[in-house]
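Shown next, in structure tokens, is the structure this report addresses.
The values are calculated or read from the model by the stated rules, or taken from the named source; none is laboratory data. Bear in mind the structure is a predicted one, so any value in this text is a computation, not a measurement. Neighbour counts are summed over all protein chains in view; Cβ atoms, including those assigned to glycine, are modelled from backbone coordinates with ideal geometry. Ligands, DNA and RNA are excluded from the accessible area calculation, which covers all protein heavy atoms including side chains. Shrake-Rupley method; radii C 1.70, N 1.55, O 1.52, S 1.80 Å.
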Amino acid sequence: MIELSDLGIVVAVSDDSVLNNNLLRSKTHQRSLVPIFEVRGALSASLAYNEGLTFFANKKAIIFVHQDVYLPEAWINNLLLQIQTLKPSAWGVLGVFGKNKQGMEIGQVWDSGLNRELGKKFSTPTPVETLDELLLVVNNEKELKFDPELPGFHLYGTDICAISRSSGLENYAIYAPVVHNSKRVNSLGGSYAKAYGYMRKKWRSQLPLYAVCSKITFLSVEYHRIRFGLAYRRVLGLLPIRKNSSKNPKTIAKSMGYE
């Protein structure tokens, strides 16, 4: 059984103002309910998170969360209740938003980049193929590791879910809404394209694989359609300027009924 003292939180930090205005506003931090390990200057998410796995080697479950995520007041208790419904030996990774094998979105979060709520309420943990990187909970008793060769800060959620699944474990979306004070995604090129290429090669025997923003396939038709569609709209000035949300996440959480 996993209890409060069995948890640790890991966050990769690139902007202290974003961290302070979001994750560190959470009651989880203010009440020192769960220790937080901040990783700075990492070359990739996988390297940062593996550092967190080492730091919290004695913890049973580790929460990997973006710096721009706010955890509502009862979030930790909600997480523990959800975990209690699962067999400890059966799960590898949990998250708050993902896609199942049919590509259906499962979860519920507020996304400031899109200025709307994603998903809908559900009751019990639901099996998924992939999970959004905004928040991942890894079963540390299964000794899962992030791939240090995966470049950048994209698709590591899809990768760790595939690693977990290859170890015979199931991954789940849980009903534990959060506020993601994110920037809008305006490009799937650059570092995302590098991560996509790496994933397509690494998991070629298991394609197709769903990711939250695209679908990883051998021909990459859907990915290229989304990528160049975004590029076309960006050139025409049809996409909003990307910037960190200044919205108060606590106010959003209250208005959405998350706390």
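Remarks
- Computed from phi, the 3J(HN,Hα) profile of segment 119-135 under the Karplus parametrisation 6.51, -1.76, 1.60 (θ = phi - 60°) reads x, 7, 5, 8, 9, 10, x, 10, x, 9, 8, 9, 10, 5, 6, 4, 7 Hz, with x in place of Gly and Pro.
- Candidates Lys99, Lys60, Lys121: whichever shows maximal mean-square fluctuation once the chain is modelled as a Gaussian network with Cα springs under 10 Å: Lys121
- Expected 222 nm ellipticity per residue - DSSP helices of 4 or more, -39500 (n - 2.57), all of the chain, to 500: -8500 deg cm²/dmol
- Cα gyration tensor shape for segment 126-174, rounded if a/c is under 1.5, else prolate or oblate: oblate
- With all pairs of different C-alpha atoms in the average, the Kirkwood value for the hydrodynamic radius of segment 72-216 is 15.6 Å.
- A cut-off under 13 angstrom between Cβ atoms defines the neighbours of Glu73, and their net charge, with Lys, Arg +1 and Asp, Glu -1, is +4.
- Given a 1.4 Å probe and the protein chains as shown, Cys213 ends up with an accessible area of around 60 Å².
- Calculated accessible area for the chain comes out at 47 Å² per residue, all protein chains present (probe 1.4 Å; ligands, DNA, RNA ignored).
- Portion, in percent, of the accessible area of segment 83-201 that falls on carbon or sulfur, probe 1.4 Å: 48
- Fraction of antiparallel bridges per DSSP, the chain only, in percent to nearest 5: 60
- Couplings for segment 10-21, taken from phi via the Karplus curve 6.51 cos²θ - 1.76 cosθ + 1.60 with θ = phi - 60°, read 10, 9, 8, 10, 10, 8, 5, 5, 5, 4, 5, 7 Hz in order; Gly and Pro are left as x.
- The distance between label points at Leu219 and Lys194 comes to 2.9 nm (points 7 Å beyond Cα on the Cα→Cβ vector).
- Residues with amide H under 5 Å from that of Trp91, placed H, sequence gap 5 or more: Glu170
- GNM flexibility winner over the chain from Ser182, Ser220, Ser26 (Cα, springs under 10 Å): Ser220
- Applying a threshold of 25 Å to the alpha-carbon distances of Lys59/Lys120; Lys142/Lys215; Lys87/Lys194; Lys120/Lys215; Lys99/Lys201; Lys145/Lys202 flags Lys59/Lys120; Lys142/Lys215; Lys87/Lys194 as lying beyond it.
- Built amide H within the under 5 Å cut-off of Val128, gap 5+: Asn171, Tyr172, Ala173
- Once all protein chains are placed together, Met104 keeps about 110 Å² accessible to a 1.4 angstrom probe.
- Considering only Cα atoms, the convex hull volume of the chain works out to 119 Å³ per residue.
- Extension gain from Arg40 to Lys201, taking 0.36 nm per residue of separation minus the Cα-Cα distance: 55.1 nm
- Alpha carbon convex hull of segment 1-148, projected area averaged over orientations, nm²: 8.9
- Extended-chain gain in nm, criterion 0.36 nm per residue less alpha-carbon gap, Glu117 and Lys254: 48.0 nm
- For Val109, residues with placed amide H under 5 Å, excluding near neighbours: Leu118
- Each 5 Å bin from zero holds the following percent of Cα-Cα pairs in segment 158-211: 4, 14, 20, 20, 19, 16, 8, 0.
- Maximal additional length on extending the Ser14-Gln84 stretch stands at 21.8 nm, based on 0.36 nm per residue less the C-alpha distance.
- Considering only Leu53, Leu207, Leu23, the Gaussian network model of the chain with Cα springs below 10 Å gives its largest mean-square fluctuation to Leu207.
- Computed from the C-beta positions of Thr54 and Ser167, the FRET efficiency with R₀ = 25 Å rounds to 0.85.
- Counting only heavy atoms of the protein chains and using a 1.4 Å probe, Thr126 has close to 40 Å² of accessible surface.
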